[in-house]
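First up is the structure itself, then whatever we jot down about it.
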Amino acid sequence: MKFLNLIFLQIYKIFPSSLKQSNFINSFKIIYWKYFLNFKRFLFLKKNNFNLDEDSKKKIKEINKNINNNGIDIHNPKNIFNDNDIETLNKIIKLSKNKIEEFENLKNNNDFDKFKNDLKNRGIYKPFRFDLGGYLKFKDRNIDANDFTKINYEILKIGLKEEFLYLASLYLGIYPFLGRFYAWYDFPTSGNETSSQCWHKDTDDKKFFKIFIYLNEVDGNNGPFCYIKKTHQSKKNSQIKKYFKKTDYSTFDILEDNDVHDLYSEKDIMECNGTLGTTIFADTSGYHRGKKLKNDKRLMLVFEYFSQSSNFNYDIKFNNIMNETFSKKQLTALSKI
């Protein structure tokens, strides 16, 4: 299979650039991605049913439709979470509290420069964010559940919910790989907006989407997730390319706010405010950002669903707690098959 993949890549290289961006080639890429690179995940999906009632499936299909059409869908917690889920979210908030207090002490003790330099050295320069749930570990591409703390297990209880795995399966057309799962603590900084605070597109996979869950109230002052509707459908745009810029320590192209308002309709530029538990489903191959915080804080869970052929996949080693806490089907969402 690796040999065939190499052949396909060599053939693709000789295509003219105009053809590479055609709808036909983009459709072929998805077919190749789904039925060749991830065929085992496609088969697994066909052989395994989801234990959900028809009302739940209907609701999730509507979310899937909205993501396909607009790139985004937003829901309040009552539509998404049951009592057990809410209890889990509250546990995550409680477990986060001590980590946040430790980090704030570090900032107050003038160790913040060391924190920023460590981020630069890891190639993840987001000086407005403290990692609560293991984001930095995904950079190493190897995860060991023996390194997990209580918060990691609670985060996974949300990310491996049957409803979320069903939604990811509908959107991807294969059984999903839960590519990354973590919690963020974002805080105000004195510098200019940088990295993911700027309008950008993600390139995690041929097809993917993410779930963002607010763990505190978020409004225009403390970093709401922002999205430009339908931009997930336009992968390349030569007219927009001339507006691209870079920020310090970021590899992706960004658009400045004033250019976005010139290029796109105001009705399509969304600022997602919400209470604790507000959940955002988004295909982040569309333009998005986490708005720079003016004050307060933002606490948020993030789950990324893509395929095991993504450049951001990883190998994971399970321990007894993982095997006892989650079903084999749930663990398959964390495993290469």
Qualifying residue in the stretch 149-159 (condition: over 18 Å from Asn90 (Cβ atoms) and either in a strand (DSSP E or B) or assigned by TED's automatic domain parsing to the domain that holds Phe208 (or both)): no
Extreme residue, farthest from Asn66 (Cα to Cα), among residues of the stretch 228-264 that are out of contact with any Cys (no Cβ under 7 Å at 6 or more places or on another chain) and hydroxyl-bearing (Ser, Thr, Tyr): Tyr249
Tally, over the stretch 297-315, of residues that are under 16 Å from Leu160 (Cβ atoms) and modelled with pLDDT under 95: 1
Scope the stretch 312-337; condition in contact (Cβ under 8 Å) with a residue 12 or more places away in the chain and either within 12 Å of the chain's Cα centre (by Cα) or part of a loop (DSSP other than H, G, I, E, B) (or both); matching residues: Phe312, Asn313, Tyr314, Phe318, Asn319, Phe326, Ala333, Leu334, Ser335, Lys336, Ile337
Single residue of Asn79, Asn90, Asn98, Asn68 found to be surrounded by fewer than 15 Cβ atoms within 10 Å (Cβ to Cβ), polar (S, T, N, Q) and over 19 Å from Ala183 (Cα atoms): Asn79
Options Asn66, Asn84: the member that is under 29 Å from Lys201 (Cα atoms) and in a helix (DSSP H, G or I): Asn66
Some residue of the stretch 234-245 being among the small types (Gly, Ala, Ser) and in contact (Cβ under 8 Å) with a residue 12 or more places away in the chain: no
Residues being among the hydrophobic types (A, V, I, L, M, F, W, C) and surrounded by 15 or more Cβ atoms within 10 Å (Cβ to Cβ) - total across the stretch 242-267: 4
Wholly within the stretch 168-252, strands (runs of 3 or more DSSP E) carrying at least 2 residues that are farther than 14 Å from Gly286 by Cβ and touching a Lys or Arg at 6+ places or on another chain (Cβ under 9 Å): 177-186
Hits in the stretch 120-139 - residues which are without any contact (Cβ under 8 Å) to a residue 12 or more places away in the chain and surrounded by fewer than 18 Cβ atoms within 10 Å (Cβ to Cβ): Asn121
Filter result for Glu271 (surrounded by fewer than 16 Cβ atoms within 10 Å (Cβ to Cβ), in contact (Cβ under 8 Å) with a residue 12 or more places away in the chain and not in a loop (DSSP other than H, G, I, E, B)): yes
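The values are calculated or read from the model by the stated rules, or taken from the named source; none is laboratory data. What you see is a predicted model; the values in this text were computed from it and never measured. For neighbour counting, all protein chains shown are included, and Cβ atoms are generated from backbone atoms with ideal geometry for every residue, glycine included.
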